[in-house]
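Structure, as structure tokens:
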Amino acid sequence: MLGVLIGITVVAILIYVGIVLYQRYLLKQITDLQNKKSDLMDLPVASELDEVGNLNLAGSSLEEYQNLQDDYRNVKNNKFPEIDELAETGQQNVNDMKIFDARSDVSGIKDAVQVIQSESDRIQAALDQIKQESEDQQNEVKVLRHKYQDLRKTLLAKNMTYGPSIDMLNDSLERLENAFENFAKTVESGDHKKAEGQLQQLQTSTKGLEEQLEAIPELYIQLNEDFPGQLDEIKNGYTQLINHNYAFADDEIPNDIEDIGSKINENLDTLSNLRLDAVKGNNETIANRIDNLYDLMQTEIDARTDVDGGFQTISEYIEHAEKQSHTLLIEIDRLGQSYVLNGNEDSQAHDLEAKLQDIRSEHDQDAEAITNQPVVYSEILQRMHEENDQLDDIESQQTAINESIQKLIEEEKDSRRTLHQFDLEIHEIKRHIENLNLPGIPASYMDYFFVVSDEIEKLSSNMNQVKIDMKQIDQQLGMIDKDMQSLAKKTTELTDNAALSEEIIQYTNRYRHSNETVDNASKRAQKLFDEDHDYAQSLSVISRALESVEPGMVDQLTESYQKQKSTQY
């Protein structure tokens, strides 16, 4: 029981100590907040209000200042007393152990201090801005006054460089000066908000005038000096060119010069109205047109240089091509007496001759024009380029035609050598067949042999004509070549079948008396060999018989025969 009482007592003491400590904490917070209030009361806002009030504000600036006064008066008369009242109530609640009420009072003091701090900062910033605006605008009055004085001096000293725009520039400056005076009066009256709007408009307009003053001299120099000088130069140059027998296609140069002069005068009027963007665009157009006239005349000057330097070269080239054409036609006529020309070479050569005549006619006309009358040299130069290209093409075709007809001679020589080779080969085959001493030659082989022989004789006859067709001869050579290969193969087969059949028949004689089948096969094979001259069938019959009694021997005999064979057939 005593322990419980002691425990309760200890807890009560701890609670009491905690309450006392919390009371001290709240009282310290109240004291600190009161000190913060005192610091806020010492802020120079009031003196700042008095200082700004001495600026003789007007209009919206004055209205803003009065609102700031009212805001500060509200802080001073309501918020500061509110803090004192809450501090007093809070201290009493702490003493009366009304902890929760005291904590609420402390929170209220904090809120009031925050409001005072925020309002003071806002009012101070607004006052600083009003003072800065007043100072800036006073300085701007001085800057602008000096700037307009300089602009007036510039217009007076350099009025000649602005040409017809000088009157409008003076008017613009005068309007700016009048606007400036209104701005200065507004600043002096203290209506800084209104003055700020006027200042922005003045700065924009002043910058625009300065940009005009900077841009106009160059534009005016182009219109008053550069362009007229260039037109005079073009006029003089054009006159000299005409006097030296130059001409221009669709000659509009005089009209262009006159029209460009009118555009220059029109653009001077545009400049007098200060429409500088339009002036710049028009100047670019005028400059391009003048450049085009320069380019047009320079093109003719350059073209004449090229014509003078290259006209004779084209003449010589035409003469060379004409000689080549004449030689080619003679050669075609000569070879045409010996060969059939299948490539239309004669027609092609005459077509080229006609083209050369057209080129010669055109070139001679240009030569006469250059000598007797003004000419457009660029057109003549263009025709010279075209003529050169045409001559290149003609020469290339002449070369191709000449090579084509000259090949006929070599082709004939090659064909005769081939024909001779075919003739030798078929005689060699004939001797080979005769040397075989066969009992007879198969009719099918002889028929084919004579067909090939006739082809060779026909080719020989065609090649001995007064006028030969090499295309036809080439076709015959190709056909004979294939037939000769086929004949060689048939000759080889005939030779091999006869030789092997005879050899195998002799070999199988050893079995004739002991094997009736072999004996019968041997007799049949011998009949096919001697009477029918069917050596392939004879070989087939005797080979089957030998294989029946001695398998593999046919292959051995065949292999042995191929190794001992001495001829290509």
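The values are calculated or read from the model by the stated rules, or taken from the named source; none is laboratory data. Note that this is a predicted model, so its numbers are computed, not measured. Methodologically, a virtual Cβ is constructed for each residue, glycine included, from the backbone with ideal geometry; neighbour enumeration extends over all protein chains shown. Surface areas here come from the heavy atoms of the whole protein model, side chains and all, with no ligands, DNA or RNA. Shrake-Rupley method; radii C 1.70, N 1.55, O 1.52, S 1.80 Å.
Table: residues versus (1) touching a residue at least 60 places away in the same chain (Cβ under 8 Å); (2) farther than 27 Å from residue 535 by Cβ.
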residue	(1), (2)
458	no, yes
461	no, yes
474	yes, yes
485	no, no
490	no, no
505	no, no
516	no, no
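Residue check: is residue 464 surrounded by fewer than 16 Cβ atoms within 10 Å (Cβ to Cβ) and at positive phi? In short, no.
Looking at this structure, is residue 540 of a type in the set (Ser, Thr, Tyr), open to solvent by 20 Å² or more (accessible area, probe 1.4 Å) and outside any helix (DSSP H, G or I)? Can you show your working first?
Numbers: of a type in the set (Ser, Thr, Tyr): yes; open to solvent by 20 Å² or more (accessible area, probe 1.4 Å): yes; outside any helix (DSSP H, G or I): no.
Judged against the criteria, residue 540 is not a match.
Anything in region 328-361 that is in a loop (DSSP other than H, G, I, E, B) and open to solvent by less than 80 Å² (accessible area, probe 1.4 Å)? List them, or say none. The answer is 338, 340, 341, 342, 343. Of all residues in region 251-284, those that are outside any helix (DSSP H, G or I) and under 23 Å from residue 171 (Cβ atoms) total 3. Close contacts from region 383-399, counting a first residue that is closer than 17 Å to residue 323 by Cα and a second that is in a helix (DSSP H, G or I) and among the polar types (S, T, N, Q), with Cβ to Cβ under 6 Å and a gap of 6+ residues or different chains, come to 398/324. Picking from 147, 194, 131, which residue would you name as being part of a helix (DSSP H, G or I), modelled with pLDDT under 85 and either of a type in the set (Val, Ile, Thr) or open to solvent by 70 Å² or more (accessible area, probe 1.4 Å) (or both)? Going through 147, 194, 131 in turn, just one is part of a helix (DSSP H, G or I), modelled with pLDDT under 85 and either of a type in the set (Val, Ile, Thr) or open to solvent by 70 Å² or more (accessible area, probe 1.4 Å) (or both): 194. Name the residue that is nearest to residue 437 (Cα to Cα), counting only residues in region 498-518 that are touching a Ser or Thr at 6+ places or on another chain (Cβ under 9 Å) and open to solvent by less than 40 Å² (accessible area, probe 1.4 Å). Taking the candidates together, the pick is 498. Scanning region 210-245 for residues that are of a type outside the set (A, V, I, L, M), closer than 15 Å to residue 297 by Cα, touching a helix residue (DSSP H, G or I) at 6+ places or on another chain (Cβ under 9 Å) and in a helix (DSSP H, G or I) yields a total of 5. Only one of the numbered conditions (1) under 27 Å from residue 221 (Cα atoms); (2) surrounded by 12 or more Cβ atoms within 10 Å (Cβ to Cβ) is not met by residue 153, and that is (2). Annotation: of all residues in region 393-417 being aliphatic (A, V, I, L, M) and open to solvent by less than 40 Å² (accessible area, probe 1.4 Å), the one that is nearest to residue 355 (Cα to Cα) is 394.
Of the residues making up region 198-234, those that are open to solvent by 40 Å² or more (accessible area, probe 1.4 Å) and either farther than 23 Å from residue 266 by Cα or among the basic types (Lys, Arg) (or both) are 198, 200, 201, 203, 204, 205, 207, 210.
What do you reckon, is residue 281 at pLDDT below 95, open to solvent by less than 80 Å² (accessible area, probe 1.4 Å) and either out of contact with any helix residue (DSSP H, G or I) (no Cβ under 7 Å at 6 or more places or on another chain) or among the hydroxyl-bearing types (Ser, Thr, Tyr) (or both)? Talk me through it step by step, then tell me what you get.
Numbers: at pLDDT below 95: no; open to solvent by less than 80 Å² (accessible area, probe 1.4 Å): yes; either out of contact with any helix residue (DSSP H, G or I) (no Cβ under 7 Å at 6 or more places or on another chain) or among the hydroxyl-bearing types (Ser, Thr, Tyr) (or both): yes.
So residue 281 does not fit the description; no.
Would you confirm, using the coordinates I've provided, whether residue 536 is within 29 Å of residue 425 (Cα to Cα), modelled with pLDDT of 95 or more, of a type outside the set (S, T, N, Q) and over 60 Å from the mean Cα position of the chain (by Cα)?
On the way: within 29 Å of residue 425 (Cα to Cα): yes; modelled with pLDDT of 95 or more: yes; of a type outside the set (S, T, N, Q): yes; over 60 Å from the mean Cα position of the chain (by Cα): yes.
Spelling it out, residue 536 is indeed within 29 Å of residue 425 (Cα to Cα), modelled with pLDDT of 95 or more, of a type outside the set (S, T, N, Q) and over 60 Å from the mean Cα position of the chain (by Cα).
Look at (1) open to solvent by 90 Å² or more (accessible area, probe 1.4 Å); (2) not in a helix (DSSP H, G or I) and you find that residue 248 fails only one, number (1).
Would you confirm whether or not region 154-164 contains a residue that is part of a helix (DSSP H, G or I), out of contact with any Cys (no Cβ under 8 Å at 6 or more places or on another chain) and among the basic types (Lys, Arg)? So that I can check it myself, show each step before the final result.
Let us first name the residues in region 154-164 that are part of a helix (DSSP H, G or I), namely 154-157, 159-164.
Still in the list and also out of contact with any Cys (no Cβ under 8 Å at 6 or more places or on another chain): 154-157, 159-164.
Okay, now just the ones that are also among the basic types (Lys, Arg), so none.
Looking through region 154-164, none of the residues is part of a helix (DSSP H, G or I), out of contact with any Cys (no Cβ under 8 Å at 6 or more places or on another chain) and among the basic types (Lys, Arg).
If the condition is being among the β-branched types (Val, Ile, Thr) and loosely packed, with under 12 Cβ neighbours inside 10 Å, then region 362-392 contributes only 371. Would you please list the contacts, defined by Cβ atoms under 8 Å and residues six or more apart or on different chains, that run from a residue in region 175-193 that is in contact (Cβ under 8 Å) with a residue 60 or more places away in the chain and of a type outside the set (S, T, N, Q) to a residue that is surrounded by fewer than 19 Cβ atoms within 10 Å (Cβ to Cβ) and assigned to a loop (DSSP other than H, G, I, E, B)? Once the first residue is in contact (Cβ under 8 Å) with a residue 60 or more places away in the chain and of a type outside the set (S, T, N, Q) and sits in region 175-193, its partners that are surrounded by fewer than 19 Cβ atoms within 10 Å (Cβ to Cβ) and assigned to a loop (DSSP other than H, G, I, E, B) give 190/55; 190/56; 190/58; 191/58.
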